[in-house]
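Take a look at the structure set out below.
The values are calculated or read from the model by the stated rules, or taken from the named source; none is laboratory data. No experiment lies behind these values; they were computed from the predicted model shown. All Cβ positions, even for glycine, are placed from backbone atoms using ideal geometry, and neighbour counts span all protein chains on display. Quick note on the areas: whole protein, heavy atoms, side chains included, nothing else; ligands and nucleic acids left out. Shrake-Rupley method; radii C 1.70, N 1.55, O 1.52, S 1.80 Å.
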Amino acid sequence: MPIPIVQHSADLCNFLLPLLVGLNAFQQRHVLNVVDALLSGSGKHKVLTAITRMLLVPHDDHFALADFLRRSPWDAEAVRRACLTVMLTLVVRLQRRFGFKHIFLSFDDSLCVKDAATHALETVGFHFDHVRQRRQAGRFSNASRYISISLAIGPFSFPINWRIY
């Protein structure tokens, strides 16, 4: 199977490569390919098995991709700060260009519903679900609960942060 040769955008490289200083050149290229597959992939689902299919590499093992994401030496807080900096810079540009006067922050607690048989994940349990109405199972869903913060300016909305509740 041929390995695709992709030239990544300069913006993506300028954003990601300073965050990946602990990785060698091959690992950095792999991260760029994974992020590119996430951003530009046409698949309906963005799960690890679908991403490994999009990457078209001969070692399309989604467990290896999971280990790569989980055990790599980058700092999650540095990535979060870099993403926040990029988003806030974009918000300032939008405000200056279009003259939006109001910026809104919204806090929302939500459920990420899982399959009923899911039980091994630490944060998954039965939570009251005010959105779903079911006769047999009641109003509880097997899910993990999280809180998200979004910033809205004009017609644009940006996810700022989220935490498991």
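So the values come out like this:
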quantity: Search result, residues across region 18-41 that are open to solvent by less than 60 Å² (accessible area, probe 1.4 Å) and assigned to a helix (DSSP H, G or I); calculated: LEU19, LEU20, GLN28, HIS30, VAL31, LEU32, ASN33, VAL34, VAL35, ASP36, ALA37
quantity: Filter pass, ASP129 being in contact (Cβ under 8 Å) with a residue 40 or more places away in the chain, over 30 Å from ASP11 (Cβ atoms), out of contact with any Asp or Glu (no Cβ under 8 Å at 6 or more places or on another chain) and not small (Gly, Ala, Ser); calculated: no
quantity: Residue among ASP61, ASP67, ASP75 that alone is under 24 Å from ALA25 (Cβ atoms), among the acidic types (Asp, Glu), open to solvent by 50 Å² or more (accessible area, probe 1.4 Å) and touching a Ser or Thr at 6+ places or on another chain (Cβ under 8 Å); calculated: ASP61
quantity: Odd one out for ARG53 among (1) exposed (fewer than 14 other Cβ atoms within 10 Å of the Cβ); (2) modelled with pLDDT of 75 or more; (3) over 19 Å from LEU12 (Cα atoms); calculated: (1)
quantity: Check on ARG81, within 19 Å of the chain's Cα centre (by Cα) and open to solvent by 80 Å² or more (accessible area, probe 1.4 Å); calculated: yes
quantity: Residue check for PHE104: modelled with pLDDT of 85 or more and open to solvent by 60 Å² or more (accessible area, probe 1.4 Å); calculated: yes
